[in-house]
Structure formats: C-alpha cells, structure tokens
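Read the figures in this text as sums done on the coordinates, not as results from a lab. Just so you know, these numbers come straight off a predicted model, no measurement behind them. Every residue, glycine among them, receives a Cβ derived from its backbone with ideal geometry; neighbour counts consider all protein chains shown.
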Amino acid sequence: MNLFNRILLIYSVIQILKSDPINRDIIIDGNFDDWLDVRSYTDPRDNINGTVYQESPWFPSLKIPDCHDTDSKKQTDIPKHIYNPNVNIVEFKIAHDDSSLYVYYRVVDDGVIGKTSAGLGPFNRSDPSKPSAGRFYIKTIINLDMNDTTGIWLNEDGFYPTAPGFDGRFRIEFYNGTYNQGSYADHGTNNSNETSYVIEENKQNKFLIRPAAQAYSSVYIYWRQKPTQDEIKRCLDGPYELPAPYDNHYVCFSKDCAPGPFNGIVTYARSAKGNELEMRAPFLGFLLNKDTGL
C-alpha cells in the first residue's frame with residue numbers, strides 16, 4: 001500500500017507525517033506501552049490568553065490561534081480563540097501495520113478527550129446556561145492521493161491553519177456525555193446530486209477521489225459482520241451489505257449526532273485519567289480506491 005506517507009490533520013495541527021511501520025500489533029486497550037518506540041510529534045501548549053499561534057505554509061502571514069472555534073470558513077479567515085484543555089493537544093503519534101492506521105493523542109494534564117456536556121436538547125446560544133447535549137469528535141483527515149487539487153481545503157470544515165487536498169477521514173464522535181459512533185467519510189462530492197452518486201458508489205465498495213467541497217460528503221459506519229439488531233433499527237440509511245468478496249461486510253450512512261451508539265471497525269481506548277487516547281482505523285473503511293491499494 002502507498003497510503004503510509006500521507007498528510008494528515010489531527011484537530012487543527014498541520015504537519016507532514018510519516019506513519020511509522022510496526023512489526024507487532026498495537027492493541028487498543030488504554031495501555032500505551034506499545035507506543036513507546038513510535039515517533040512522537042509535539043504541538044505547542046495553548047494558553048488562556050490566546051497568544052499561541054499556528055501558521056499555514058499556504059498563508060504564512062496569518063497567525064491562527066492554537067485552539068479555536070469552527071465557525072469560520074474562508075481561507076484567509078482567522079478563527080476566534082477558544083481555550084479548551086480537552087482539545088489542547090501536546091503530543092500525537094501515528095503508526096500502521098498491514099491492515100490499519102493507529103493514532104495516539106495526548107492533551108494537557110487537566111484535559112479529558114471526549115468530554116461533553118449532557119442535556120435534553122442541543123446547545124442554545126440564546127440560553128447558554130441551559131444543560132445541553134454536547135458533541136466532541138476526534139478526526140484524522142487524509143490526503144489519500146497526494147494531489148492537492150482533489151479533496152477539500154481544511155477551512156471548508158472550519159479548521160485552521162488551512163491546507164488543500166484532503167480526500168477522506170475517519171472519526172470518533174462522543175455525544176451527550178458518551179461514545180456515539182466511529183465513522184469514515186468520502187469527500188468526493190460538491191452538491192447533493194453528486195453526494196447521492198457517491199453514496200451509490202460507496203454501496204458498491206468504491207471510494208471516490210476528486211475535487212470537492214466540505215459542505216457535501218458521504219459519512220458511513222463500516223462493519224466486518226452484520227450489525228446488531230439494535231444498530232440496524234437505529235441506522236439512518238442502511239445497513240447495506242457490500243458485494244463479494246466483501247460480503248458480510250456492511251455500511252450504514254450516518255450524520256453528526258446520529259442515534260448511536262454504533263460500534264463499527266473504528267475503535268478507541270482512553271487512559272484512566274482521560275487525557276490520552278488511541279484509535280485504530282482499518283484500511284477497509286476507505287473501501288476500494290487506487291491509492292490505498294485495497
């Protein structure tokens with residue numbers, strides 16, 4: 001496979017990463033000893049004053065707050081600084097074996113990865129003191145074909161510093177105080193008609209790579225076996241069995257804050273303290289495309 005030397009985004013950190021090969025399985029169990037020999041990447045520790053900045057090679061004159069909101073969308077926007085220890089990454093690692101990508105994250109000591117508020121309804125900006133169902137996601141976005149003209153710019157999803165060329169991603173989502181779903185996304189679409197086409201291609205185990213806009217994408221959960229009856233009832237679109245030789249593999253098309261939990265092939269584990277998390281994303285979830293070699 002030639003996926004391993006790809007550009008990834010982890011939260012809003014841009015670095016060119018080389019995924020470390022491993023000759024043993026990393027076990028997703030919350031014990032991080034098997035990461036000790038994997039190359040470490042560091043990120044500056046944000047502060048409450050918002051004086052820690054990131055820069056994009058594409059827009060080097062812009063100073064981007066290390067932790068920020070996701071309300072901005074233009075390439076040259078500067079998002080608002082938001083101090084949040086739960087997303088203040090200070091270290092991350094990435095590794096692979098023949099079947100999967102593995103990612104490790106560590107936030108500051110007083111942060112808890114995946115921590116959300118809990119309540120009966122969504123956040124109400126006009127009444128922010130009212131308990132609400134919060135959302136937290138951990139996303140790794142990938143330039144699968146190393147072509148900056150395909151995929152999306154990061155700013156289209158509210159992430160800065162921006163960069164082009166991101167074709168797909170995998171993600172863990174927490175919602176309303178608990179784990180909700182682990183999903184993949186195909187960004188190869190620019191409008192609702194193209195999205196419908198991409199979904200039909202995904203059902204045939206095909207992943208599309210082409211110029212795209214973040215406002216549109218297919219989001220799906222992938223299983224190596226038939227989902228549970230409870231998951232089938234809650235699936236918003238599907239599940240669909242993939243064609244041979246991947247029969248008995250299923251996808252369910254999803255969205256943010258879907259009625260989970262859905263336990264597909266993307267898995268994770270946290271430390272007891274909560275500021276470390278490891279996750280595994282099998283290459284199967286990127287379906288069939290020319291760049292993963294699956």
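Gain on full extension, evaluated as 0.36 nm per residue between CYS257 and GLU91 minus their Cα-Cα distance, stands at 57.0 nm. Measuring nothing but how far apart in sequence close Cα pairs (under 8 Å, 6+ apart) lie, relative to its length, the chain scores a relative contact order of 19 percent. Among the listed pairs LYS73/LYS255; LYS203/LYS255; LYS206/LYS233; LYS93/LYS130, those with a Cα-Cα distance over 27 Å are LYS93/LYS130. Fewest neighbouring Cβ atoms within 10 Å first, the residues ARG106, ARG224 line up as ARG224, ARG106.
Centroid-to-centroid, using Cα positions, the stretch 153-208 and the stretch 83-121 are 19 Å apart.
Among SER61, SER218, SER183, the residue with the largest mean-square fluctuation in a Gaussian network model of the chain, with springs joining Cα atoms closer than 10 Å, is SER61.
Close amide H partners of LYS115, meaning residues 5 or more places away or on another chain with modelled amide H under 5 Å apart, do not exist here.
For PHE123, the residues whose modelled amide H falls within less than 5 Å of its own, excluding neighbours fewer than 5 places apart on the same chain, are ALA133. Full extension of the chain between ALA215 and LYS74 gives 49.5 nm of extra length, using 0.36 nm per residue less the Cα-Cα distance. A simple rule links phi to the HN-Hα coupling: the Karplus curve 6.51 cos²θ - 1.76 cosθ + 1.60 with θ = phi - 60°, which for the stretch 248-258 gives 6, 9, 10, 10, 10, 7, 9, 7, 4, 6, 4 Hz, with x for Gly and Pro. Given the options GLY121, GLY50, GLY158, state which has the largest fluctuation in a GNM of the chain using a 10 Å cut-off (strictly under) for Cα springs. Of GLY121, GLY50, GLY158, the Gaussian network model singles out GLY121 as fluctuating most. For the stretch 157-272, the relative contact order works out to 27 percent when only alpha carbon pairs closer than 8 Å and six or more residues apart are counted. Close amide-amide hydrogen proximity is noted between SER254 and VAL219, TYR220, ILE221, each under 5 Å apart and 5 or more residues distant or on a separate chain (H modeled in the peptide plane; Pro and chain starts excluded). The Cys residues in the chain with no partner Cys Cβ within less than 4.7 Å of their Cβ are CYS67, CYS257. Got the relative contact order for the stretch 68-130 handy, in percent, Cα pairs under 8 Å and 6 or more residues apart? Here the relative contact order equals 25 percent.
What is the extension gain from GLU200 to ALA133, computed as 0.36 nm multiplied by their sequence separation minus the C-alpha to C-alpha distance, in nm to one decimal?
Separation in residues times 0.36 nm, less the Cα-Cα distance, equals 20.9 nm.
Helices in the chain, meaning DSSP H runs of at least 4 residues, each add -39500 (n - 2.57). Divided by all residues, the mean residue ellipticity at 222 nm is -1500 deg cm²/dmol. Between the listed residues SER196, ILE221, GLY182, the Cα displaced farthest toward the positive end of the dipole of the chain, a dipole computed from Cβ unit charges relative to the Cα centre, is found at SER196. Structure remark: mean-square fluctuation, Gaussian network model of the chain, C-alpha springs under 10 Å; the largest value among TRP58, TRP153, TRP35 belongs to TRP58.
Roughly what % antiparallel, to the nearest 5, for the DSSP beta bridges in the stretch 7-286? Taking every DSSP beta bridge with both residues in the stretch 7-286, the antiparallel ones total about 95 percent.
The modelled label-to-label distance between ASN49 and ALA118, using points 7 Å beyond Cα along the C-beta direction, is 3.8 nm.
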